[in-house]
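A.B. asks: The structure is given below, and queries will be raised subsequently.
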Amino acid sequence: MNNVAKYSFKKRVNALFSDGYIASLVVLAITILVIMGIVKPRFVTVNNFFSMANQFPEYGIMSFGLMLTMMSGGIDLSVVSVANLAAICSAKVLLEIVPHDADISGALGGILVIMLIAMAIGALCGVLNGFLVSKIGIPPMLGTLGSSQLFTGICIAITQGKMVNGLPMAYSDFMTFRVFGVLPVVLIIFILCVLVLSFLLTWTTFGSKLRMLGSNSKAAMFSGLKVDRVLIATHMLASIFASIAGLVMLSNYNSAKADYGTSYSLLCILIVVLGGVRPSGGFGKVSGVVLAIVILQMVSSSLNMFPTISAFYRPLVWGAVLLVVMILDYYSDQRKNKISAKGAVKSER
Amino acid sequence: MPISARVFLIDTRVAQQYCHGKGVFMESCLKVVDVYKSFGAVKALNGINLEIRKGEIHCLAGENGCGKSTLIKIISGIYQLDSGHIELAGKQYTQIAPIESIMNGVQVIYQDLSIFPNLPVFENIAFNSELAKKKKLVNRKELRSIAQAAVEKIDFKVDMDALMGDLSVADKQLVAISRALINDAKLIIMDEPTTALTKREVSSLFKTIRDLQQRGISILFVSHKLNEVFEISDRFTILRNGENAYSGTTGELDENKFAYYMTGREFAYETFAPLKLSEKPVLEVSKLSLNNVFQDINFSLYKGEILGITGLLGSGRTELALSLFGAVKEIDGDIRVNGKKVKLRKIRHAIQNGIGYVPEDRLSEGLFLQQSIGENIIISKIDQLTNKVKILNKKLRKAEIEKWVKNLAIATPNPSNAVTTLSGGNQQRVVLAKWLSRNLDVLILNGPTVGVDIASKYDIHQILKKLAAEQMGLIVISDDIPEILRLCNRILIMKDGRLTGEFQQGDVTEKEISDLLLAGI
């Protein structure tokens, strides 16, 4: 594996900049950083970076799930409700198995157990989504919207609509614990998710199959791919990522509730599209999505630094950014098509 | 047939012969003189000349990318020419707007027919004329009468209220022609009108075209199908790489010359003779039936042979192919591969049993267009290109891709380019490569050269013959009878869901097969 990493690192860096879109995201991120550094020097402080690093993993990890489903040519609108369901169930278990006054080392076993439980719940939800989309053939947008209602309904039934709180402090202490005094555990979880995702997409047959399926499911069937199985695996992974995001939310709010994070659906779509994942399927890079997450976190934190801009404007800003990105994407796509069409004419000559 | 009509028929034939002989067609309807057009650095047209005479059927032929479409768009005013000029009705234009072109009686019927599938027939026909009058309110009665008058001109009977989307392709075409006639057309340009038509529909379209000719309307017929061109046209223009390759009367051309002018290459057409057939059949089909689609299909395929199955659209030929590829579940009967009885209920089963399928519609069923050429080639084999712990082996993958790009001479500077950058012939090679990499025993090809240019068609035929020589068993399904006759050593005729005839190559002529296919219709 070490060899592999060496062999690909230089190439990766080169690829990052040979891809014009990724390069422009990097430029955008640096621009925001520089402008904010000049306007609000408070923005470029270690403290601010730590507070950002605590915030973006929850919707960042959620976006990875959405990214996978969008690459398959579909979408997953149930990520937020899966996250809530996983958070609520693990919170209930946590209350049972970890004493309220336990310290981190004493609670570690319990925390690992609830992580596994959350991911198992995510996997189950994802299999249901995948089943609806592949075997039954419901369009992903409708299927996952329906299952999203179902999962939220289960959350409400379990909690009677109330907040699950009074969790042992050990849990959020663990998640915010800084390993070596630098890296918070949530950030490590995020980085692990990035590594797993890139590995899946670049080094496994699953990644190839997902991209091919996303660009033409009929041709995938005619090439002998197990289309249903790939789709179910995709949705399962998506919901597992969502459930991990739920665990992060549980620590950030130190509580769980059926309607937490409802605005994240749109935010995740925004991130994934900004990250260069093609909404019609078949294409997407982890590097792009990670950059998009960082950029949006910076925009969000910047907005926080201007007290005159009310939090009420935030959805308006996200909506506008999403539309602008999609319009730009449309035009750059058209330009690319024109160039490749000309290339085709030339090669025929 | 009433006597008067017959007299008319004889009369017009005499008139036509007379025209050919004495050149009454000499008055020209459209002249394109020394036209140049480039897009950026790409020179699309390089000094093109074209003359269409009044009342003639003129064929414009050429390979993909030769400039046919550009030329049409210049005539119809969509593109502006860089230099040279167009003469319409005696007037010279160096710049022509679409509306001027229409006013001069030029009507273009594009391949996609530019129809509104959600609107009824009469609105489709009369819509443009209403638009031209800049009316804001719709008068359905008037629309209907305009439309009625238009369809009567070509004796076309159609339900005016039927939705356009529900009509057959042939009827849609007639609607488009009727629409063209409303505007007093003098020249109708048809861009590959026969692509989606069955043989019978083609002959009825040709009848309509000849009717139009009787009225003194000139037709510019764009096609690269040789047999059609010979049947319908009086004169000919062939373009190659944006230049004139040939202009003249149809009578002077034959198949070899046509192919030469189209491609600039000479081809040695040889019929296929199998080197060696296996003793036992690789595929045996007995009593295969699919409800209401095909019944009681029996045949065997030997290694080393190319078996042709020909039949009209709707004869069950495609469904038969799909059944052998495991894409249809509800079949009855026996399929044996290498003597062993197999159940093909899923595509994967067919592939595991060594059967591959090159689909009819390459773009929607065979290829992942936006993905790279390499990914397309290896997708069926991808599970074998991994190491022990199921991690992709990128070296193996690269070697595999390079091997097939080289073996099939796929013309690309870089296999990580998207498949869309390839021409039709090269795309078809990518589909072939996908299956060849699996080392199959049987390959079923459905219309392997539809939409492929002459040179690539020849090359694909050579590839298939080579595969047969390497002891693969091939089934070629095609309604291109000359192709079947040249490529296959054995030919099965499929009609109305049954195999109705079997011939060895050389025992049957093109005419006999087409008579068999059309008998009783």
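The values are calculated or read from the model by the stated rules, or taken from the named source; none is laboratory data. Please read all numbers here as calculations on a predicted model, not as lab measurements. Ideal geometry is used to build each Cβ from the backbone, glycine not excepted, and the neighbour counts take in all protein chains shown.
A.B. asks: Can you pull out the residues in region A:153-169 that are surrounded by fewer than 19 Cβ atoms within 10 Å (Cβ to Cβ), in a loop (DSSP other than H, G, I, E, B) and touching a residue at least 12 places away in the same chain (Cβ under 8 Å)?
C.D. replies: A:161, A:162, A:163, A:165, A:166
A.B. asks: Further, regarding this structure: If you take the residues of region B:443-459 that are closer than 23 Å to residue B:320 by Cα and surrounded by fewer than 24 Cβ atoms within 10 Å (Cβ to Cβ), which of them is modelled with the highest pLDDT?
C.D. replies: B:447
A.B. asks: Considering only region A:59-82, I want to know if a residue exists there that is in contact with a Leu (Cβ under 9 Å, 6 or more places away or on another chain), of a type in the set (Phe, Trp, Tyr) and buried (at least 24 other Cβ atoms within 10 Å of the Cβ).
C.D. replies: yes
A.B. asks: Wholly within region B:228-319, which strands (runs of 3 or more DSSP E) include no fewer than the required count, namely at least 1 residues that are outside the structural domain of residue B:71 (by TED's automatic domain parsing)?
C.D. replies: B:281-290, B:294-302, B:306-310
A.B. asks: Now for a separate question. Scan B:66, B:29 and give me the residue that is more than 14 Å from every other protein chain (Cβ to nearest Cβ), in contact (Cβ under 8 Å) with a residue 40 or more places away in the chain and buried (at least 23 other Cβ atoms within 10 Å of the Cβ).
C.D. replies: B:29
A.B. asks: Which one of A:201, A:210 is within 14 Å of chain B (Cβ to nearest Cβ) and either buried (at least 22 other Cβ atoms within 10 Å of the Cβ) or at pLDDT below 90 (or both)?
C.D. replies: Result of the check over A:201, A:210: A:210.
A.B. asks: Can you pull out every residue in region B:105-123 that is at pLDDT 85 or above and among the polar types (S, T, N, Q)?
C.D. replies: B:107, B:118
A.B. asks: Here are some conditions: (1) in contact with a helix residue (DSSP H, G or I) (Cβ under 6 Å, 6 or more places away or on another chain); (2) within 14 Å of chain B (Cβ to nearest Cβ). Residue A:239 meets all but one. Which one does it not meet?
C.D. replies: Tallying (1) in contact with a helix residue (DSSP H, G or I) (Cβ under 6 Å, 6 or more places away or on another chain); (2) within 14 Å of chain B (Cβ to nearest Cβ), residue A:239 fails exactly one: (2).
A.B. asks: Something else about it: Residue B:161 fails exactly one of the following numbered conditions: (1) over 24 Å from residue B:313 (Cβ atoms); (2) of a type in the set (D, E, K, R); (3) part of a helix (DSSP H, G or I). What is the number of that condition?
C.D. replies: The number of the failed condition is (3).
A.B. asks: Moving on. Being outside any helix (DSSP H, G or I), more than 12 Å from chain B (Cβ to nearest Cβ) and modelled with pLDDT under 95: is that true of residue A:277 here?
C.D. replies: Criteria met by residue A:277.
A.B. asks: Hey, another quick one. Quick check, is residue A:208 of a type in the set (Ser, Thr, Tyr) and either closer than 26 Å to residue A:104 by Cα or in contact (Cβ under 8 Å) with a residue 12 or more places away in the chain (or both)? First the steps, then the outcome.
C.D. replies: On the way: of a type in the set (Ser, Thr, Tyr): yes; either closer than 26 Å to residue A:104 by Cα or in contact (Cβ under 8 Å) with a residue 12 or more places away in the chain (or both): no.
Judged against the criteria, residue A:208 is not a match.
Each row is one residue, and each column tells you yes or no for (1) at the interface with chain B (Cβ under 10 Å from one of its Cβ atoms); (2) closer than 27 Å to residue B:375 by Cα; (3) touching a Gly at 6+ places or on another chain (Cβ under 7 Å).
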position	(1), (2), (3)
A:194	no, yes, no
A:206	yes, yes, no
A:257	no, no, no
A:261	no, no, no
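A.B. asks: Let me ask another. Filter region A:129-139 for residues that are in contact with a Leu (Cβ under 8 Å, 6 or more places away or on another chain), part of a helix (DSSP H, G or I) and of a type outside the set (S, T, N, Q); which is nearest to residue A:89 (Cα to Cα)?
C.D. replies: Top of the filtered list is A:130.
A.B. asks: Residue check: is residue A:107 touching a residue at least 24 places away in the same chain (Cβ under 8 Å), in contact with an Asp or Glu (Cβ under 7 Å, 6 or more places away or on another chain) and not acidic (Asp, Glu)?
C.D. replies: So residue A:107 fails the test.
A.B. asks: Within region A:39-54, is there a residue that is within 10 Å of the chain's Cα centre (by Cα) and assigned to a helix (DSSP H, G or I)? Spell out how you get there, then give the answer.
C.D. replies: Going residue by residue through region A:39-54, those that are within 10 Å of the chain's Cα centre (by Cα) are none.
No: region A:39-54 contains no residue that is within 10 Å of the chain's Cα centre (by Cα) and assigned to a helix (DSSP H, G or I).
A.B. asks: From the list A:136, A:117, exactly one residue is in contact with a Cys (Cβ under 7 Å, 6 or more places away or on another chain), farther than 30 Å from residue A:295 by Cα and surrounded by fewer than 24 Cβ atoms within 10 Å (Cβ to Cβ). Which is it?
C.D. replies: The match here is A:117.
A.B. asks: Could you check region B:350-391 and list, in sequence order, the residues that are more than 9 Å from chain A (Cβ to nearest Cβ), modelled with pLDDT under 90 and closer than 19 Å to residue B:441 by Cα?
C.D. replies: Matches in region B:350-391: B:381, B:384.
A.B. asks: Of (1) over 22 Å from residue B:81 (Cβ atoms); (2) crowded, with 19+ Cβ neighbours inside 10 Å, residue B:133 satisfies all except one. Which?
C.D. replies: Of (1) over 22 Å from residue B:81 (Cβ atoms); (2) crowded, with 19+ Cβ neighbours inside 10 Å, only one is false for residue B:133: (2).
A.B. asks: Do any helices (runs of 4 or more DSSP H) lying entirely in region B:399-513 carry at least 2 residues that are within 14 Å of chain A (Cβ to nearest Cβ), and which ones are they?
C.D. replies: Output list reads B:424-436, B:454-469.
A.B. asks: Is there any pair linking a residue in region A:223-246 that is in contact (Cβ under 8 Å) with a residue 60 or more places away in the chain to one that is not in a helix (DSSP H, G or I), with Cβ under 7 Å and at least six apart or on different chains, and which?
C.D. replies: If the second residue must be not in a helix (DSSP H, G or I), the pairs left are A:231/A:72; A:234/A:72; A:235/A:76; A:238/A:76.
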